[in-house]
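A.B. asks: So that we are looking at the same thing, I have put the structure below in structure tokens.
The values are calculated or read from the model by the stated rules, or taken from the named source; none is laboratory data. Only a predicted model underlies this, so the values are computations on that prediction, with no experimental measurement involved. Cβ sites come from the backbone with ideal geometry, for glycine too, and all protein chains shown count toward neighbours.
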2 protein chains.
Amino acid sequence: MQVACYFSSGSCGNVLIWPADGSHWLNIKTLLEELIRRNHSVTVLASSETLLIKSSTAAFVHFEEVPVSFTKSNIDEMIEHMIALWLDHRPTPLSMWTFYKELGKLFETFYQININLCDGVLNNTTLMAKLQNCGFNVLIADPTTTCGDLVALKLGIPFMYTLRYSPAFTVERHCGKIPAPVSYVPAALSELTDQMSFGERVKNTLSYYLQDYIFQSYWGRWNSYYSRVLGRPTTLCETMGKAEIWLMRTYWDFEFPRPYLPNFEFVGGLHCKPAKPLPKEMEEFVQSSGEHGIVVFSLGSMVKNLTEEKACLIASALAQIPQKVLWRYKGKIPATLGSNTRLFDWIPQNDLLGHPKTRAFITHGGTNGIYEAIYHGIPMVGLPMFADQPDNIAHMKAKGAAVEVNMNTMESVDLLNALRTVINDPSYKENAMRLSRIHHDQPVKPLDRAVFWVEFVMRHKGAKHLRVAAHDLSWFQYHSLDVIGFLLACVASAIFLVAKSCLFVFQKFVKTGKKKKRD
Amino acid sequence: MQVACYFSSGSCGNVLIWPADGSHWLNIKTLLEELIRRNHSVTVLASSETLLIKSSTAAFVHFEEVPVSFTKSNIDEMIEHMIALWLDHRPTPLSMWTFYKELGKLFETFYQININLCDGVLNNTTLMAKLQNCGFNVLIADPTTTCGDLVALKLGIPFMYTLRYSPAFTVERHCGKIPAPVSYVPAALSELTDQMSFGERVKNTLSYYLQDYIFQSYWGRWNSYYSRVLGRPTTLCETMGKAEIWLMRTYWDFEFPRPYLPNFEFVGGLHCKPAKPLPKEMEEFVQSSGEHGIVVFSLGSMVKNLTEEKACLIASALAQIPQKVLWRYKGKIPATLGSNTRLFDWIPQNDLLGHPKTRAFITHGGTNGIYEAIYHGIPMVGLPMFADQPDNIAHMKAKGAAVEVNMNTMESVDLLNALRTVINDPSYKENAMRLSRIHHDQPVKPLDRAVFWVEFVMRHKGAKHLRVAAHDLSWFQYHSLDVIGFLLACVASAIFLVAKSCLFVFQKFVKTGKKKKRD
């Protein structure tokens, strides 16, 4: 069947995108825009029931819609569930088991939505034929949404990932074969740092094991799906291991240094860019702050409103600082709102963080926002809520560029003190500037590196020379259990033989001695 | 004491070099030339008794001479010892123990020469004061020659390494904290690849253990030296772990992909460059080869002559191919030399390998030469002799770009067949070209990356953000032995408590039952 495809004849390469929604999309969007700027054709493959993808796609890229049976409200419910999970069971040592059990339940909902999308593509022969006909050179998938790899394999094209991380690095470790020594690599989501006490190392070890256990049961179901689609016994993990390149959305300004592999490229902050001038009215408000400067406040794209009580509590803290505050907030105007605080439906966050008058950033701790703060060297007050946010803020705290305030238990004074600390204690600004210098001082900018590897995979039809041979080993071979067993058996045999020989010689001499004595 | 220093006032940075001799020097020299081109001052600190360093330094860089009591002939003897070691005990599974024992002896000689150099610097207060006064920004050391790190610490400046590798990656693993899973990372010097059979994995595991054992005893002596110089209990390895950056002289065109850390930068082939035109007479000889092209033959800078018999055997093989041969050879002209073969005291190797008429490269397998062949996409015949050469050729064989001939046992026909294979079987040229494409297709050229990190360390006075926290852990903490012990103790206690409780309940019920029965 011959159908139209969206590869314009003048383009260099033809890229298919399998995105994840929400803030993930905001990050990958920058990569797509750059690919288009460099004259590649880009097609996004996603369901119509997306939060941000479809609405912000049409303007610049071809959107290939996948018919699904779930609705946007199902996704919203899942996000509510996720926020509630973190609010109720933030992983302390005592609540770890409950947390990971609840996370398992969340995966169940996620699985149902995800598999619906997979079926929507893979069982749709018209759509698959259309995609086949388009001659894509590479598929870029965010593996948070499963099946991108499967689509690439069915189309016979190389694929690569863009990923923030998986809980406890389960996917990177098991499928990507990245080593993560549990003694100094804090499990993602654990809120630990690379400097751990004995107790923290115990917690970290348990986080890895528990997360592995949850994922194993989650994987089990995907394994049969993947085997059915590919028509041979396989696993999700084996398939994911075929990714040519893993574009990781962090770097060593944000992440604690840890081992990685040649096909992992750390491109954190690829979406950051210099600040543009602010809208006139906003600039006037900012300038009116005088020498005190401003504070930028946003809880990100996923959380719309706060309870009225919480909003009042926050507003009253903000009212007490000499800085002017720009707060992205859609809810009811809090009664305690100070004259120094102005509410906005939306703010040009990057441009504000890059403004010379900005003194601090109050953030929920999303990766994108934190990277913008790092880029511009702005200290942070973290109000983390769910997913990677508590972990992200823990990183910034450890690096001395942020103070955390607990959203659940905070009083007005906590937020006020935190703000005063990051604004008045010069170490926070210095540390934020240090991270900024690290971020800016790389041989190649993150976005250019990401695009380089996309183009590399297109040029060479893969990047097999970067793929470790660990992928060809079973788990017991990988851990050398067979070799260790064999060497132990050798040692045991040697000891046995020597002992037997000694016994034999001893008995012979004793007998000879006795015999001689008798003679 | 105020003494003259060699930092010219217009320079950007002031770099001190602690080099290793021989081919190591030829590699690092390229880096120095580039640093000078970028307006940095460079001072080389080495003994006057060097093979290549002093003679090739004076022209372009300041040479700071260290008085020592050994002579050039001591170094020559050590190299002869090294060649003999490989010729006699090339590490087969059966001779591994002997090989590593002999390698230990070689380390002993090396230790004597090296410590003489260390004393020559560190005990020389005039020299140290002079160096102190020069305000160096960074020291770049080849850790093959020990003590560079110590000099840097005494001068209070950051240091970085340039390294090909250490046997079985002992230094990289123990001091650099790089993980190397024994199941797929072949031990350097083992001549294994990343695809290993069970027997090979056993050999690999033993190579790691034996090498660790040898190094432990070698380190023991350095540990006390380092503790004495620094005036506190320390180890060689702990000191080496303070290196800001490790510039590794390989890349994934040459090396099998394996785990590494953020402060390891793989800059293999940084010395490679496009070919320059050949001298007129040589170009005429090359052109006279017609469509058959030429073969380039060199056994490197360390081996001067062959036995007359071996040279005749080689010459007679060369005489039988239709190609013209350019052979770098200083010995007596072999009786069997064909009219197609011309001998040279020295050849412009890189320019010849980059010549369009070149069909093959006969090489001893030094890293520098192999990289020039990769750069220009030339298939190889390997005649490896010692050190990393057999391993290097094993890599090129595994990647399908070389055939190996055993220098000890070869007949004329072996070399002839090998040459015919790499020239006439197109797969060798294709594979060499594939490696070449990988080499050329990097986001930043190796030399530029190396210079970037030298300048980075100077700009930021180090690169601490790339240093893993593993350096702060003891070996049992690193391997989580304390955590595993604790968790096992917890499990054992739990089992004990449950068993005790069951026993208690059981006894109580049994007793109650019996009592009731009696009543």
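A.B. asks: Would you mind telling me which numbered condition in (1) touching a helix residue (DSSP H, G or I) at 6+ places or on another chain (Cβ under 8 Å); (2) more than 9 Å from chain B (Cβ to nearest Cβ) A:Leu487 fails?
C.D. replies: Among (1) touching a helix residue (DSSP H, G or I) at 6+ places or on another chain (Cβ under 8 Å); (2) more than 9 Å from chain B (Cβ to nearest Cβ), the lone unmet condition for A:Leu487 is (2).
A.B. asks: Now, a different point. Which is over 18 Å from A:Leu103 (Cβ atoms) and over 20 Å from the mean Cα position of the chain (by Cα), of A:Gly199, A:Gly220, A:Gly148?
C.D. replies: After ruling out the rest, the residue left standing is A:Gly199.
A.B. asks: Further question on the same structure: What about B:Leu247, is it in a strand (DSSP E or B) and surrounded by 22 or more Cβ atoms within 10 Å (Cβ to Cβ)?
C.D. replies: So B:Leu247 fits the description; yes.
A.B. asks: Among the listed residues A:Tyr161, A:Tyr184, identify the single one that is within 30 Å of A:Lys399 (Cβ to Cβ), touching a strand residue (DSSP E or B) at 6+ places or on another chain (Cβ under 6 Å) and either assigned to a helix (DSSP H, G or I) or of a type in the set (Ser, Thr, Tyr) (or both).
C.D. replies: Step by step, each of A:Tyr161, A:Tyr184 is checked, and only A:Tyr161 is within 30 Å of A:Lys399 (Cβ to Cβ), touching a strand residue (DSSP E or B) at 6+ places or on another chain (Cβ under 6 Å) and either assigned to a helix (DSSP H, G or I) or of a type in the set (Ser, Thr, Tyr) (or both).
A.B. asks: Another one. Here is a check on your reading of the model: is A:Gly241 under 30 Å from A:Thr50 (Cβ atoms), within 14 Å of chain B (Cβ to nearest Cβ) and surrounded by fewer than 21 Cβ atoms within 10 Å (Cβ to Cβ)?
C.D. replies: Criteria met by A:Gly241.
A.B. asks: Determine, yes or no, whether A:Ile140 is touching a Pro at 6+ places or on another chain (Cβ under 8 Å), crowded, with 23+ Cβ neighbours inside 10 Å, among the β-branched types (Val, Ile, Thr) and not in a helix (DSSP H, G or I).
C.D. replies: Judged against the criteria, A:Ile140 is not a match.
A.B. asks: Right, next: Against the condition outside the structural domain of A:His24 (by TED's automatic domain parsing) and at pLDDT below 95, how does A:Tyr375 come out, does it pass?
C.D. replies: no
A.B. asks: Moving to a separate point now. Considering only region B:276-283, I want to know if a residue exists there that is acidic (Asp, Glu) and either over 28 Å from B:Thr144 (Cα atoms) or touching a Lys or Arg at 6+ places or on another chain (Cβ under 6 Å) (or both).
C.D. replies: Looking through region B:276-283, at least one residue is acidic (Asp, Glu) and either over 28 Å from B:Thr144 (Cα atoms) or touching a Lys or Arg at 6+ places or on another chain (Cβ under 6 Å) (or both).
A.B. asks: In addition: Given the residues A:Ala360, A:Ala394, A:Ala418, which is the only one that is assigned to a strand (DSSP E or B) and either at positive phi or of a type outside the set (D, E, K, R) (or both)?
C.D. replies: A:Ala360
A.B. asks: So, one more: Just to check your reading of the model, which residue among B:Ile157, B:Ile178 is over 16 Å from the mean Cα position of the chain (by Cα), modelled with pLDDT of 95 or more and buried (at least 21 other Cβ atoms within 10 Å of the Cβ)?
C.D. replies: The unique qualifying residue is B:Ile157.
A.B. asks: Can you name the helices (runs of 4 or more DSSP H) wholly within region B:22-124 that have at least 2 residues being in the same structural domain as B:Glu455 (by TED's automatic domain parsing) and under 30 Å from B:Tyr208 (Cβ atoms)?
C.D. replies: Qualifying helices (runs of 4 or more DSSP H): B:23-37, B:72-89, B:96-122.
A.B. asks: Also, quick follow-up: State the number of residues belonging to region A:397-409 that are assigned to a helix (DSSP H, G or I) and within 14 Å of chain B (Cβ to nearest Cβ).
C.D. replies: The number of residues fulfilling the criteria is 1.
A.B. asks: Looking at A:Ser427, A:Ser474, which one is more than 12 Å from every other protein chain (Cβ to nearest Cβ) and among the polar types (S, T, N, Q)?
C.D. replies: Just a single option satisfies the conditions, and that option is A:Ser427.
A.B. asks: Let me ask you something else. Take region B:1-24 and flag every residue that is touching a strand residue (DSSP E or B) at 6+ places or on another chain (Cβ under 9 Å), of a type in the set (A, V, I, L, M, F, W, C) and modelled with pLDDT under 90.
C.D. replies: B:Cys5, B:Phe7, B:Cys12
A.B. asks: Follow-up question, since we're still on this one. Could you check, for region B:106-117, whether at least one of its residues is more than 19 Å from B:Glu65 (Cα to Cα), of a type in the set (D, E, K, R) and out of contact with any His (no Cβ under 8 Å at 6 or more places or on another chain)?
C.D. replies: Looking through region B:106-117, at least one residue is more than 19 Å from B:Glu65 (Cα to Cα), of a type in the set (D, E, K, R) and out of contact with any His (no Cβ under 8 Å at 6 or more places or on another chain).
A.B. asks: Moving on. Using the structure shown, decide if A:Ser427 is hydroxyl-bearing (Ser, Thr, Tyr), under 31 Å from the mean Cα position of the chain (by Cα) and either at pLDDT 95 or above or in a helix (DSSP H, G or I) (or both).
C.D. replies: Yes: the conditions hold for A:Ser427.
A.B. asks: Continuing with the same structure: For residues that are over 24 Å from A:His465 (Cβ atoms) and touching a helix residue (DSSP H, G or I) at 6+ places or on another chain (Cβ under 6 Å), scanning just region B:439-469, find the one that is surrounded by the fewest Cβ atoms within 10 Å (Cβ to Cβ).
C.D. replies: Among those that are over 24 Å from A:His465 (Cβ atoms) and touching a helix residue (DSSP H, G or I) at 6+ places or on another chain (Cβ under 6 Å), it is B:His465.
A.B. asks: Evaluate region A:199-212: report whether one residue or more is away from chain B (no Cβ under 14 Å) and either modelled with pLDDT under 95 or in a helix (DSSP H, G or I) (or both).
C.D. replies: Yes; the residues of region A:199-212 include at least one that is away from chain B (no Cβ under 14 Å) and either modelled with pLDDT under 95 or in a helix (DSSP H, G or I) (or both).
The rows are residues; the columns are (1) within 14 Å of chain A (Cβ to nearest Cβ); (2) under 25 Å from B:Pro257 (Cα atoms); (3) under 24 Å from the mean Cα position of the chain (by Cα).
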site	(1), (2), (3)
B:Pro348	no, no, yes
B:His355	no, no, no
B:Thr358	no, no, no
B:Gly365	no, yes, yes
B:Asp388	no, yes, yes
B:Glu411	no, no, no
B:Ala432	yes, yes, yes
B:His440	yes, yes, yes
B:Asp448	yes, yes, yes
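A.B. asks: If I filter region B:187-224 down to residues being in contact (Cβ under 8 Å) with a residue 12 or more places away in the chain and of a type in the set (Ser, Thr, Tyr), which single residue comes out as surrounded by the most Cβ atoms within 10 Å (Cβ to Cβ)?
C.D. replies: Selected residue: B:Ser207.
A.B. asks: Checking the condition under 28 Å from A:Leu106 (Cα atoms) and either in contact with a Leu (Cβ under 8 Å, 6 or more places away or on another chain) or surrounded by fewer than 16 Cβ atoms within 10 Å (Cβ to Cβ) (or both), which residue from A:Trp18, A:Trp86 passes?
C.D. replies: Selected residue: A:Trp18, the only one of A:Trp18, A:Trp86 that is under 28 Å from A:Leu106 (Cα atoms) and either in contact with a Leu (Cβ under 8 Å, 6 or more places away or on another chain) or surrounded by fewer than 16 Cβ atoms within 10 Å (Cβ to Cβ) (or both).
A.B. asks: Is there a residue in region A:435-452 that is farther than 26 Å from B:Pro446 by Cα and in the same structural domain as A:Ile362 (by TED's automatic domain parsing)?
C.D. replies: Within region A:435-452, not a single residue is farther than 26 Å from B:Pro446 by Cα and in the same structural domain as A:Ile362 (by TED's automatic domain parsing).
A.B. asks: Within region B:268-327, can you find the residues that are loosely packed, with under 15 Cβ neighbours inside 10 Å and either on the phi > 0 side of the Ramachandran plot or assigned to a strand (DSSP E or B) (or both)?
C.D. replies: Answer for region B:268-327, where residues must be loosely packed, with under 15 Cβ neighbours inside 10 Å and either on the phi > 0 side of the Ramachandran plot or assigned to a strand (DSSP E or B) (or both): just B:Gly290.
A.B. asks: I'd like the full set of residues that are within 14 Å of chain A (Cβ to nearest Cβ) and aromatic (Phe, Trp, Tyr), limited to region B:150-179.
C.D. replies: Within region B:150-179, just B:Phe169 meets the criteria.
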